[in-house]
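Peer 1: My questions will all concern the structure given below.
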Amino acid sequence: MLKIGILSPFPPEKDGIAIYSDNILRGLKENKKHIVTIGRKASNSDYRINFKSFRLKRDLKKIIKKEKLDLLNIQYVPTLFGKYTLNYNLIRALDQNIPVIVTLHEVHYSTKGLRNKILALIEKNIIKKAKKIIVHTPKQQEFLQRKYRTKKIITIYHGLRLNNIPKRKNKKNILCFGMISKGKGIPYLIRAMKYLPDYSLTIAGGFVDKEVKQEILTSLNRSKAKIKTSFRWIDEKEKERLYKEANIVVLPHTWAPYQSGILHNSVAWSLPVVVTRTGALYEMVERFGFGEVVPSRNPKALAQGIKKVFKNYDHYKKGLETYRKEANWPKIADEHMKLFKKFSR
């Protein structure tokens, strides 16, 4: 039987990629016993190694040999493998004697600015060395195939749980959820609330840096809108309560080269969304029609999108139902396994 190594953070790490990988494992069910998990120090995994070390290639080689792995899947975002090493340790580690498949959780459409140029260069090297690349949207696949003239790219949707849909009260409750960083655009949503006097907003999640925290606290002090906050890591029980009480989820991002776990949680709870036309964030919303897409950095446009969703609330049900069928975790895990079997030695 095929034996697969997965390199990724795993719970109890408080990390979106850890949650993603854990859901893949849950979806694999009977195949789970043939998976070897390789995580970081805080992960509950079979092996724990330092992802940012220049010994990463050697450490992986030892595990591959000991476990007799047939294939290695790496869950990738740049920050996991070291900001100051420019991910060179990972690029070296892709040279193994078994096929390596990399899941790119970020695809960088823009090369403006030094940061994006560096990220694009890393991306190029990963695509060159990996046997296959998984992305989460067809547009990401088309972009990478065109840019790098490669046929290595395959789309597998992000994945979501099929939660039981609660009976919701007909209220105007907006939820903005997730770890809070500069690119999440929260101040624009706070400003949008001045156009929504009959609505209430809940912002929940922990801060990534102090600068963002101060900016948001200042915006909240200036706002007279109905806004509740919970600035901390939200556990699964509290997350469930928040999604059940919400009527809509808003993602006002200004930078998003990824598919969002929060977006997929919203679909899992059958909640329509308003998202900004930023990076890859909006692509599945537009493709399946389960929400509204608005310009980024525009409070008035956010408010108009929110009003439109509430005015035509039932319109988005079909898109939500369709995407729930296409992207549930058991189906997504099965697609991973079919791909892995094609490239086993």
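The values are calculated or read from the model by the stated rules, or taken from the named source; none is laboratory data. The structure displayed is predicted, hence computed values, not measured ones. Positions of Cβ are backbone-derived with ideal geometry, glycine not excepted, and every protein chain shown enters the neighbour counts.
Peer 1: When only residues in the range 68-98 that are without any contact (Cβ under 8 Å) to a residue 40 or more places away in the chain and of a type in the set (S, T, N, Q) count, which is nearest to A130 (Cα to Cα)? Break it down stepwise before answering.
Peer 2: Taking the range 68-98 as the starting set, the residues that turn out to be without any contact (Cβ under 8 Å) to a residue 40 or more places away in the chain are 79, 81-97.
If we keep only those that are of a type in the set (S, T, N, Q) as well, we get 79, 85, 87, 89, 96-97.
Numbers: T79: 19, T85: 19, N87: 14, N89: 14, Q96: 10, N97: 12 Å.
Looking at the filtered set, the residue picked out is Q96.
Peer 1: With the structure loaded, tell me whether I133 is under 24 Å from the mean Cα position of the chain (by Cα) and assigned by TED's automatic domain parsing to the domain that holds R92 or whether it fails that test.
Peer 2: Numbers: under 24 Å from the mean Cα position of the chain (by Cα): yes; assigned by TED's automatic domain parsing to the domain that holds R92: yes.
Considered against the rule, which asks whether it is under 24 Å from the mean Cα position of the chain (by Cα) and assigned by TED's automatic domain parsing to the domain that holds R92, I133 comes out as yes.
Peer 1: Oh, and also: For the range 88-206, which strands (runs of 3 or more DSSP E) that fit wholly inside it have 3 or more residues that are within 22 Å of A333 (Cβ to Cβ), touching a helix residue (DSSP H, G or I) at 6+ places or on another chain (Cβ under 6 Å) and of a type in the set (S, T, Y)? First the steps, then the outcome.
Peer 2: Values: elements: 100-104, 132-135, 153-155, 173-177, 200-204.
Filter on the range 88-206 gives an empty set.
Peer 1: Let me ask something else about it. Residue check: is Q140 buried (at least 20 other Cβ atoms within 10 Å of the Cβ), out of contact with any Phe, Trp or Tyr (no Cβ under 8 Å at 6 or more places or on another chain) and in the same structural domain as I332 (by TED's automatic domain parsing)? Walk me through how you get there before you give the answer.
Peer 2: Values: buried (at least 20 other Cβ atoms within 10 Å of the Cβ): yes; out of contact with any Phe, Trp or Tyr (no Cβ under 8 Å at 6 or more places or on another chain): yes; in the same structural domain as I332 (by TED's automatic domain parsing): yes.
It is true that Q140 is buried (at least 20 other Cβ atoms within 10 Å of the Cβ), out of contact with any Phe, Trp or Tyr (no Cβ under 8 Å at 6 or more places or on another chain) and in the same structural domain as I332 (by TED's automatic domain parsing).
Peer 1: Tell me whether the range 281-288 contains one or more residues that are farther than 18 Å from K325 by Cα, free of Cβ contacts under 8 Å to residues at least 60 places away in the same chain and among the charged types (D, E, K, R). Step through it out loud before you land on a result.
Peer 2: Initial filter on the range 281-288 (farther than 18 Å from K325 by Cα): 281-282.
Now drop any that are not free of Cβ contacts under 8 Å to residues at least 60 places away in the same chain, which leaves 281-282.
From the residues that got through so far, the ones that are among the charged types (D, E, K, R) too are none.
Checked against the condition, which is being farther than 18 Å from K325 by Cα, free of Cβ contacts under 8 Å to residues at least 60 places away in the same chain and among the charged types (D, E, K, R), the range 281-288 yields no hits at all.
Peer 1: Okay, moving on. For the range 167-185, check the following and say yes or no: at least one residue is at pLDDT below 95 and more than 30 Å from K300 (Cβ to Cβ).
Peer 2: yes
Peer 1: Is one or more of the residues making up the range 259-273 without any contact (Cβ under 8 Å) to a residue 12 or more places away in the chain and buried (at least 20 other Cβ atoms within 10 Å of the Cβ)? Give the derivation first.
Peer 2: Applying the first criterion (without any contact (Cβ under 8 Å) to a residue 12 or more places away in the chain) to the range 259-273 yields none.
So far as the range 259-273 goes, no, none of its residues is without any contact (Cβ under 8 Å) to a residue 12 or more places away in the chain and buried (at least 20 other Cβ atoms within 10 Å of the Cβ).
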